[in-house]
Amino acid sequence: MTYVGRFAPSPTGPLHFGSLVAAVASYLEAKTHSGNWLLRIEDLDTPRVQAGAADHIISTLDAFGFEWDGDIMYQSQRNDAYINAFNLLKNKQLIYPCTCTRKEIADSSSQTGIEGIIYPGTCLSKPIKPNAPIAWRIKTEDKLSSFNDAIQGEISQNLKLDIADFVLKRADHLFTYQLAVVVDDAEQGITHVVRGADLLNSTPRQIYLQTLLNFNTPNYTHIPIATDNAGQKLSKQSLAKGLSATEASTALFKALHFLNQTPPPELMHDSHATIWQWASAHWDSAHIPTKATQITQ
Ligand code: GLU
Ligand code: ZN
């Protein structure tokens with residue numbers, strides 16, 4: 001069996017501990033399955049992209065001893081592929097324009113789903129407002145579907161009731177993460193997705209799109225999210241501090257520890273090459289905890 005894994009950071013800030021954990025887990029899973037590990041920069045949401053962040057992420061990964069296969073894919077260069085997928089779904093009449101503002105949606109909906117207010121499908125049954133910015137939504141189905149996550153177990157969602165018709169193209173003309181990630185995972189031939197559990201709830205949307213676009217569905221492994229002392233997700237938004245090339249060994253050691261592997265303490269003072277050697281020989285994904293653990297930085 002071929003194994004193709006990937007790491008797909010968004011360059012909205014420097015590489016921080018939370019994303020390092022996802023990089024380490026996806027890397028070691030790929031390497032211990034004699035697979036390839038691809039790198040994709042998810043620089044699609046241009047208003048949120050931070051200048052220099054992609055370069056920081058890439059040079060830090062390099063300094064930490066990660067070796068990716070092939071060329072780095074940049075979502076900012078993939079617009080034609082997203083247009084194709086979008087048109088395919090549009091031709092199947094699965095997509096419709098929506099001119100509702102956030103406020104209109106909040107005022108018109110009484111339902112809350114997994115990610116907040118449920119869009120009640122207003123623009124499906126009513127003409128859209130002329131001259132208003134248009135977002136494009138995909139119709140979802142009122143039926144329960146499930147997938148099996150390697151760590152989190154069976155996950156079931158009813159897309160219509162838990163998420164509702166979701167946006168594939170925003171009013172500012174940008175394609176959304178859900179569409180892009182599906183198109184790119186297919187283009188890169190990804191067989192195994194290992195990423196943070198903050199994306200667990202997105203997976204049923206992605207599987208739905210894969211099915212509609214005739215793409216294979218990869219295997220999914222959602223690792224727990226690193227939180228700070230206050231239990232908040234360590235994210236670029238919470239200004240988790242960026243990692244520097246000089247702290248490779250300690251950061252890799254801590255990431256392995258967070259993933260419930262048992263690196264011997266002296267390894268923390270070794271070179272990253274020695275750490276990777278130990279990690280490849282001892283990596284056991286069965287030890288990864290299901291739940292978020294608090295870490296102190
Ligand atoms: N770009 C996303 C992030 O940094 C990850 C996407 C994915 O792994 O599917 O949160
Ligand atoms: Zn609408």
request  = Under 4.7 Å Cβ to Cβ, no partner at all: give me those cysteines from the chain, in residue order.
outcome  = CYS100
request  = Classify the range 45-89 as rounded, prolate or oblate, taking a ≥ b ≥ c as the square roots of the eigenvalues of its Cα gyration tensor: rounded when a/c is under 1.5, otherwise prolate if a/b is larger than b/c and oblate if not.
outcome  = oblate
message = Taking the full set of protein chains and a 1.4 angstrom probe, give the accessible area of LEU88 in square angstrom, rounded to the nearest 10.
response = 90 Å²
ask   = Using unit Cβ charges (K, R positive; D, E negative) and no other charged atoms, how large, in debye to the nearest 20, is the dipole of the chain about its Cα centre?
value = 1080 debye
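How do HIS257, HIS33 rank by accessible surface area computed with a 1.4 Å probe, from largest to smallest?
HIS257, HIS33
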key: Charge dipole magnitude, Cβ of K and R +1, D and E -1 - the range 84-146, Cα centre, debye nearest 20   = 240 debye
note = Computed from the beta carbon distance with a Förster radius of 25 Å, FRET efficiency for ASN260 and GLU115 to the nearest 0.05 stands at 0.30
message = Using only Cα atoms and rounding to the nearest 10 degrees, what angle (0 to 90) does helix 53-63 make with the longest principal axis of the chain?
response = 30 degrees
query = Once you sort the root eigenvalues of the Cα gyration tensor of the range 159-202 as a ≥ b ≥ c, which label holds: rounded (a/c under 1.5), prolate (a/b larger than b/c) or oblate (the other case)?
reply = oblate
query = Ratio of the range 172-224's C-alpha Rg to 2.2 N^0.38 Å, to two decimals?
reply = 1.10
inquiry  = Can you give the FRET efficiency to the nearest 0.05 for THR211 and ASN79, using r as the Cβ-Cβ distance and R₀ = 25 Å?
reply    = 0.60
query = Once Lys and Arg get +1 and Asp and Glu get -1 on their Cβ, which of ALA286, ILE223, TRP276 lies farthest toward the positive end of the dipole of the chain?
reply = ILE223
note = Relative to the chain, whose Cα atoms define the longest principal axis, helix 248-258 and its Cα axis are tilted in degrees, nearest 10, by 70 degrees
inquiry  = Please compute the modelled spin-label separation between THR122 and LEU88, points set 7 Å along Cα→Cβ, answer in nm with one decimal.
reply    = 3.2 nm
query = What shape does the range 137-218 take by its C-alpha gyration tensor, where a ≥ b ≥ c are the square roots of the eigenvalues and a/c under 1.5 counts as rounded, a/b above b/c as prolate, and the rest as oblate?
reply = oblate
message = Suppose every Lys and Arg Cβ carries +1 and every Asp and Glu Cβ carries -1, with no other charges. What dipole size does the range 36-143 come out with about its Cα centre, to the nearest 20 debye?
response = 880 debye
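Take peptides 106-112, 125-131 and line them up by average Cβ neighbours within 10 Å, highest first, as a rough protection proxy.
Answer by packing, highest mean first, reads 106-112, 125-131.
In the range 91-198, which GluC sites (Glu not before Pro) fall in coil by DSSP and have 15 or fewer other Cβ atoms within 10 Å?
Answer by residue number: GLU115, GLU141.
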request  = For the chain, count all C-alpha to C-alpha pairs, find those more than 27 Å apart, and express that count as a whole percent of the total.
outcome  = 44 percent
ask   = Hey, what D do you get for the range 1-156 in µm²/s if you plug the Kirkwood alpha-carbon radius into Stokes-Einstein at 10 °C and 1.306 mPa s?
value = 83 µm²/s
key: Added length on full extension, which subtracts the Cα-Cα distance from 0.36 nm per residue, ASP142 to GLU67   = 22.7 nm
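The values are calculated or read from the model by the stated rules, or taken from the named source; none is laboratory data. Note that the structure is predicted; figures quoted are calculated from it, not measured. Every residue, glycine among them, receives a Cβ derived from its backbone with ideal geometry; neighbour counts consider all protein chains shown. Heads up: the accessible areas ignore ligands, DNA and RNA and are worked out on the full protein's heavy atoms, side chains in. Shrake-Rupley method; radii C 1.70, N 1.55, O 1.52, S 1.80 Å.
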